[in-house]
Amino acid sequence: MVKEITRDIKQLDHAKRHLTTSITTLNHLHMLAGGVDSLEAMTRRRQYGEVANLLQGVMNVLEHFHKYMGIPQIRQLSERVKAAQTELGQQILADFEEAFPSQGTKRPGGPSNVLRDACLVANILDPRIKQEIIKKFIKQHLSEYLVLFQENQDVAWLDKIDRRYAWIKRQLVDYEEKYGRMFPREWCMAERIAVEFCHVTRAELAKIMRTRAKEIEVKLLLFAIQRTTNFEGFLAKRFSGCTLTDGTLKKLESPPPSTNPFLEDEPTPEMEELATEKGDLDQPKKPKAPDNPFHGIVSKCFEPHLYVYIESQDKNLGELIDRFVADFKAQGPPKPNTDEGGAVLPSCADLFVYYKKCMVQCSQLSTGEPMIALTTIFQKYLREYAWKILSGNLPKTTTSSGGLTISSLLKEKEGSEVAKFTLEELCLICNILSTAEYCLATTQQLEEKLKEKVDVSLIERINLTGEMDTFSTVISSSIQLLVQDLDAACDPALTAMSKMQWQNVEHVGDQSPYVTSVILHIKQNVPIIRDNLASTRKYFTQFCVKFANSFIPKFITHLFKCKPISMVGAEQ
């Protein structure tokens, strides 16, 4: 009964829905037909402002007719829209070509309003139209640059690299004044011009450096790199880097905070000094590479030529080590100072300051193979420093007059003078030990910092364990020398103990002369060593333990030599 009552209502509902859909579709059809006619007319009249609004509406309406493409009239309208889009694209490209011809001068800003609206239309058309407009405009904008800085021009060489960057800065200002409002903001045209300039410059510089490789000197190279990285820093402040395609430049992660003394990436004095020689430093401070999306966009071209820089550092470090050796010989051993802990040799700090400067400088130039080459140089001169400055200046265990060794003196009769280190020599050994400890700790920090600076794929190739072992050997040798010196000083007293006539002792008296002698030697040496190793307590402890481990067994051995012995003698 209900179905019969509602049957007519249901039929009316269906009719109403179909009628509504038909009316809506017919309205859309009317809009589409009128829109296509208007679009064609406006295109012919170059009314791009109205076209931009109308074209988007026509395309939105056309989407409703996808399911009706089988109807010939609808298909025909769709084809007219596509034809209008194609004609628009070709017409806009022709307008841009006319306004900005590949050859000749730019036409003054008359058509810029028309072109501004044309850009809005290009946003809706096939993306290739927009790309073509951008490509042509940038090419025309940089055509003067390619002529001015041809390879055969004097201004093309590295010593005048500033002029390249001054030129593009002027061009960017010129662009903003003349064409800043013509292109939509989201096109980032100024950044695109700068990025294309960078790609062209990198290619041009690479080509000219290959041709004139023999003329590249380290000062010239560093000057060019510094000015280039300053320019990359300028770009990072001015632009966001949104136009850089993925993979163009690698984006490094920021290193974690650290107490490492090698962490501070300050501008290196050598770079500032070189730049000052070439002229005033008129540039922003260079941002650190990880924060700069433009890092390496031009400066990457210098990487194949960084062997010049590496060879220069090899030579400089060789001269530095030779100077350290000469200075040590000229100044002699350090003066005894028991008020404070043993001093680290000044040359050690100088070496690591220079290392830090080189590392920061090189990491700004490249984080690839040149860093591995620099690490090899560092390893070479760490070993040389350990051998020539530290091990080479440890005192020898001989007397100052006759040159007899301790072992030969020990064979002398009781009471003979034993070769002992002077106060100055003891202080020197302690200073060398403290320096070796400083070198050991700082070399470990250097290794960590190098691993932070280098590309992830190269981390495994950085290993300074061998150099750290060398400094550990110097520390062990220094402690052994101190132990041998005190041990040998006590030997005559022990010999005297074993040669005493213990069976003839009649009364137990005060401590024997040999005990006084041993205590005297310990009191002479140990406080000096303690004060000079105040800054490195663990190695003073090592010295004490090693001396005890050497002296006590020797003392016990000499006890058994005290034969024959009486009861009173044993008490004494």
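The values are calculated or read from the model by the stated rules, or taken from the named source; none is laboratory data. Keep in mind the model is a prediction, meaning the values are calculated, not measured. So basically every Cβ, Gly included, is an ideal-geometry build from the backbone, and we count neighbours across all protein chains shown. Heavy atoms of the whole protein, side chains included, go into the accessibility calculation; ligands, DNA and RNA do not. Shrake-Rupley method; radii C 1.70, N 1.55, O 1.52, S 1.80 Å.
Some observations on this one:
- Accessible area of Asp159 in the full protein assembly, 1.4 Å probe (Å², nearest 10): 70
- Above-threshold pairs, the threshold being 18 Å between Cα atoms, out of Lys160/Lys207; Lys396/Lys546; Lys356/Lys453; Lys499/Lys561: Lys396/Lys546
- Trypsin sites (Lys or Arg not before Pro) lying in DSSP loop within segment 188-227, provided at most 14 other Cβ fall within 10 Å: Arg212
- When the pairs Lys214/Lys357; Lys135/Lys300; Lys538/Lys563; Lys82/Lys135 are compared against a 29 Å limit on Cα-Cα distance, Lys538/Lys563 fall above it.
- Among the listed pairs Lys388/Lys554; Lys329/Lys380; Lys219/Lys329, those beyond 27 Å (Cα-Cα): Lys388/Lys554; Lys219/Lys329
- Heavy-atom surface of segment 487-571, accessible at 1.4 Å and reported per residue (Å²): 57
- Taking the inverse of the mean 1/r over every pair of distinct Cα atoms in segment 487-571 gives a Kirkwood hydrodynamic radius of 14.4 Å.
- Summing Lys and Arg as +1 and Asp and Glu as -1 over all other residues whose Cβ lies under 9 Å from the Cβ of Phe96 gives a net charge of -3.
- Within the accessible surface of segment 487-571, defined with a 1.4 Å probe on protein heavy atoms only, the carbon and sulfur portion equals 63 percent.
- Carbon/sulfur fraction of accessible area - segment 421-468, other protein chains in place, 1.4 Å, %: 50
- Full extension of the chain between Asn549 and Lys237 gives 105.8 nm of extra length, using 0.36 nm per residue less the Cα-Cα distance.
- GluC sites (Glu not before Pro) restricted to DSSP loop in segment 198-240 with at most 14 other C-beta within 10 Å: Glu217
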